[in-house]
Amino acid sequence: MAKTANLYARIEPEVKEQAEEILEALGISTSSAISMYYKQIILHRGIPFDVKIPVARPLDASKLTEEQFDAELQKGLDDIKAGRTKPAKEAFAEIRRDYGI
């Protein structure tokens with residue numbers, strides 16, 4: 001089958017660059033990757049992967065920079081000042097529910 005159709009899409013430059021680096025390392029052209037994706041859509045009769053909002057993960061404070069850590073602390077202080085708090089019992093119940101523990 002001859003490839004005669006063109007596809008034009010807008011994408012964030014950083015996403016495009018990162019994806020193309022990976023595709024290059026795999027030896028796959030962008031056109032081939034897009035063609036594979038479209039074929040998988042046809043085979044699955046839909047998007048070939050789950051499209052859903054992931055469960056939020058707790059922050060790993062050990063991986064934050066000092067600035068990021070300070071910003072997270074400030075968010076907490078701002079929430080307290082604005083009254084956006086809940087009892088610990090309720091917060092822990094939500095954590096257990098959200099993380100299946």
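The values are calculated or read from the model by the stated rules, or taken from the named source; none is laboratory data. Only a predicted model underlies this, so the values are computations on that prediction, with no experimental measurement involved. Note that each Cβ is placed from the backbone with ideal geometry, even for glycine, and that neighbours are counted across all protein chains shown.
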Condition first: polar (S, T, N, Q) and under 29 Å from Ile101 (Cα atoms). Can you find one or more residues in segment 52-65 that meet it?
yes
Filtered residue count, segment 44-76, keeping only those that are loosely packed, with under 10 Cβ neighbours inside 10 Å, under 25 Å from Lys16 (Cα atoms) and among the hydrophobic types (A, V, I, L, M, F, W, C):
3
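Is there a residue being in contact with a helix residue (DSSP H, G or I) (Cβ under 6 Å, 6 or more places away or on another chain), surrounded by 10 or more Cβ atoms within 10 Å (Cβ to Cβ), without any contact (Cβ under 8 Å) to a residue 12 or more places away in the chain and part of a helix (DSSP H, G or I) anywhere in segment 21-29?
Applying the first criterion (in contact with a helix residue (DSSP H, G or I) (Cβ under 6 Å, 6 or more places away or on another chain)) to segment 21-29 yields 23.
Now restrict to residues that are surrounded by 10 or more Cβ atoms within 10 Å (Cβ to Cβ): 23.
Then keep just the ones that are without any contact (Cβ under 8 Å) to a residue 12 or more places away in the chain; that gives 23.
From the residues that got through so far, the ones that are part of a helix (DSSP H, G or I) too are 23.
Yes, the conditions are met somewhere in segment 21-29.
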Inside segment 1-15, can you point out the residues that are closer than 20 Å to Pro48 by Cβ and assigned to a helix (DSSP H, G or I)?
Val15
Take Ile47 and tell me if it is in a loop (DSSP other than H, G, I, E, B), of a type outside the set (Ser, Thr, Tyr), under 24 Å from the mean Cα position of the chain (by Cα) and at pLDDT 90 or above.
yes
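Which count do you get for residues in segment 77-95 that are part of a helix (DSSP H, G or I), basic (Lys, Arg) and surrounded by 10 or more Cβ atoms within 10 Å (Cβ to Cβ)?
So in segment 77-95, the residues part of a helix (DSSP H, G or I) come out as 77-81, 88-95.
Those left that are additionally basic (Lys, Arg): 81, 89.
Those left that are additionally surrounded by 10 or more Cβ atoms within 10 Å (Cβ to Cβ): none.
Matching residues across segment 77-95 total 0.
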